[in-house]
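The values are calculated or read from the model by the stated rules, or taken from the named source; none is laboratory data. Predicted model, so just to flag it, every value in this text is computed and none were measured. All Cβ positions, glycine included, derive from the backbone under ideal geometry; neighbour counts span all protein chains shown.
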Amino acid sequence: MRRSTIRLFFRVIVAIILASKIASGKTILIERPIYPRLIEEIEKGKSELESIVPRHSAQRVAYFVEMKSASGSTSQHRIIDFAWKEFPVKLFHIETCETRIIKLRQEGLKLVNIDNDFVLEVEGRPSGMQWNAFNTALKVIKPKGWVVIANKYRIRLSSGKARDYIYSPYSSSLHTEELVAEGEKYLRAKIGESIDELNGLARKANANLSVDLHSPWLAGTLERLVLLEHTDPFDANQFKNAEISIDPYQRVSVIIALNRESAYAKTSSSARASGLMQFTNRWRGKRPGTWDSVKRRYRWAKLPTFAKGIKDHNSSIKAAVLLHDLNLKGLEKVFGREIKSDPNLEYYLAAAYNGGVGSVIASIRAHQQNGNDWRKELRKRKRTSESLDYMDKLDFLLIQAWLGLPIWGVF
């Protein structure tokens, strides 16, 4: 039996044990269906909040936030923001469906309640994150039964100017089976639409793709890719070890359910990865960035510009499929078409998506030469543990799929 197969077998056994520990970790706070009315009120809230002009201080303040990595090590991040700022939020009562709009005030890391009728607090993340701009988790402490469904959050740009964002933030109060299911349903529908559109364009252009657009495996891979990109590694590790009960992968589905077409459209990481599929487009001299490289290589796919594409879910998903195809072609060039039957293929493509196919090829070659785990070889070639964190999260998601839990499309 090949070493990789043995390692995979033991990963399955360990993950099954871990999964059994957390099987009861779902949060169900709202028993009756409310999604249609919730979405209706969110859409109303966008226009209601649009007309409100938040105030902010002319002074700025710098403060530090500590964040934990998957290993538990901490790092400090310096934030420069307005000394204080107000922002309106729309509240929704889960029993009566009554709504209210109130204002809150942020002073550095402190949340100040302005409205005497309501008390809210910031829900911290296991990784140490408190404020997360327009996606800050806000919980209504009293009166009971209220949840935040939209906010208009003001961000200080590096130029000192302000920009407002309207968004529906995640909160544990909205982490329900209904919203998780709606988020998964929306994402799967978008993935299906995008693959169908790409298939039609490919046939028209007589394009030769290495990825199989008709394979359920591809659809499942894309869904897991979204969860990998937007799940914090520390939160994922805590959940895997049954140290927290709220599933951080489901958190992504809740955000998608609440924001639908706008979900992650305004999101950008510290590495400037943007949108649902977290694409980058940093040019290095005359060498195009990732988005433009895909756009140029697959002109027949008619991808829009990076600025437009990252805000459109269909365009982002199609670009992700084509990047997988480009990386798979790179793997086939070196290892032949039999690489498609390698049990680690999804891991190779995920690592390539996250950190480039070159390091993946070098890691597989080293494994073939010295027998070392290709992941260990990958760690030697990467300056950070990000790609390895990616692999660990994928371990968990694949086990969920093998056990018949919500993430689908493995076979």
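Observations
- Any hit, segment 96-107, residues being touching a strand residue (DSSP E or B) at 6+ places or on another chain (Cβ under 6 Å), closer than 29 Å to P233 by Cβ and either touching a residue at least 24 places away in the same chain (Cβ under 8 Å) or part of a strand (DSSP E or B) (or both): yes
- K85 being closer than 30 Å to F234 by Cβ, basic (K, R) and touching a Leu at 6+ places or on another chain (Cβ under 8 Å): no
- Of all residues making up segment 291-309, the number that are in a loop (DSSP other than H, G, I, E, B) and touching a helix residue (DSSP H, G or I) at 6+ places or on another chain (Cβ under 6 Å): 3
- Only one of Y249, Y167, Y186 that is within 30 Å of G108 (Cβ to Cβ) and modelled with pLDDT of 95 or more: Y167
- Scanning segment 218-238 turns up no residue that is acidic (D, E) and either in contact with a Cys (Cβ under 6 Å, 6 or more places away or on another chain) or farther than 20 Å from S387 by Cβ (or both).
- All conditions in (1) surrounded by fewer than 21 Cβ atoms within 10 Å (Cβ to Cβ); (2) within 15 Å of I94 (Cα to Cα); (3) small (G, A, S) hold for S159, with the sole exception of (2).
- For segment 318-328, the set of residues classified as in contact (Cβ under 8 Å) with a residue 60 or more places away in the chain and within 21 Å of Y390 (Cβ to Cβ) consists of A320, V321, L322, H324, D325, L328, listed by residue number.
- Qualifying residue in segment 278-295 (condition: over 30 Å from K204 (Cα atoms), at pLDDT below 95 and within 13 Å of the chain's Cα centre (by Cα)): no
- The residues in segment 199-211 that are assigned to a helix (DSSP H, G or I) and over 25 Å from V334 (Cβ atoms) can be counted, and the count is 6.
- Pairs where the first residue, in segment 288-317, is surrounded by fewer than 17 Cβ atoms within 10 Å (Cβ to Cβ) and the second is in a loop (DSSP other than H, G, I, E, B) and at pLDDT 95 or above, C-beta under 6 Å, 6+ apart: W300/A207
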